[in-house]
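Visitor: Questions regarding the structure given below will be posed in turn.
The values are calculated or read from the model by the stated rules, or taken from the named source; none is laboratory data. This structure is a prediction, so every number in the text was calculated from the model and none was measured. Cβ placement follows ideal geometry from the backbone for every residue including glycine, while neighbour counts extend to all protein chains displayed. Surface areas here come from the heavy atoms of the whole protein model, side chains and all, with no ligands, DNA or RNA. Shrake-Rupley method; radii C 1.70, N 1.55, O 1.52, S 1.80 Å.
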Amino acid sequence: QVQLVESGGGLVQAGGSLRLSCAASRRILLLVAMGWYRQAPGKERELVARITASGSSTYADSVKGRFTVSKDDAPNNVYLQMNSLQPEDTAVYYCRAEAIGYNFWGQGTQVTVSS
């Protein structure tokens, strides 16, 4: 079983920045992609950014130009640099690892942006 541990969340003022990290407990076999999702109170969980094993990235329209997803292979870590944060970015952010036949989720980290 792979554990994903997120860190880096917190409280920030509008316009500020945060960097989220997600560390996998061991190498993930048959990895397809890693990504970040978020869930605000009363809303469904949504994709924020995703990066494939080959390095291709996609973003939700609402974060394009402000957020950057990156990864390294030590063993499988993914990061989310969040700039120009806005109150509507407030949510619990979850890391996900997608592999052929299975996927894993982290426990989530709270991001709160004050106006």
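Visitor: Could you give me the ³J(HN,Hα) list for region 58-64, computed from phi with Karplus coefficients 6.51, -1.76, 1.60 and θ = phi - 60°, whole Hz, x at Gly and Pro?
Guide: Running phi through 6.51 cos²θ - 1.76 cosθ + 1.60 with θ = phi - 60° gives 9, 9, 5, 4, 5, 10, 4 Hz.
Visitor: Could I ask something else about it? Determine by what factor the alpha-carbon radius of gyration of region 54-115 differs from 2.2 N^0.38 Å, reporting the quotient.
Guide: Normalised by 2.2 N^0.38 Å, the Cα Rg of region 54-115 equals 1.24.
Visitor: Taking every pair of Cα atoms in region 2-115, average 1/r, invert it to obtain the Kirkwood radius, and report Rg/Rh to two decimals.
Guide: Result for region 2-115 is an Rg/Rh of 0.96.
Visitor: With a 1.4 Å probe and all protein chains kept in place, how much accessible area does Y59 have, in Å² rounded to the nearest 10?
Guide: Rounded to the nearest 10, that gives 60 Å².
Visitor: Positive end of the charge dipole of region 24-115 (Lys, Arg +1 and Asp, Glu -1 on Cβ, about the Cα centre): tell me which of W36, S62, Y102 has its Cα farthest that way.
Guide: Toward the positive end, the furthest listed residue is Y102.
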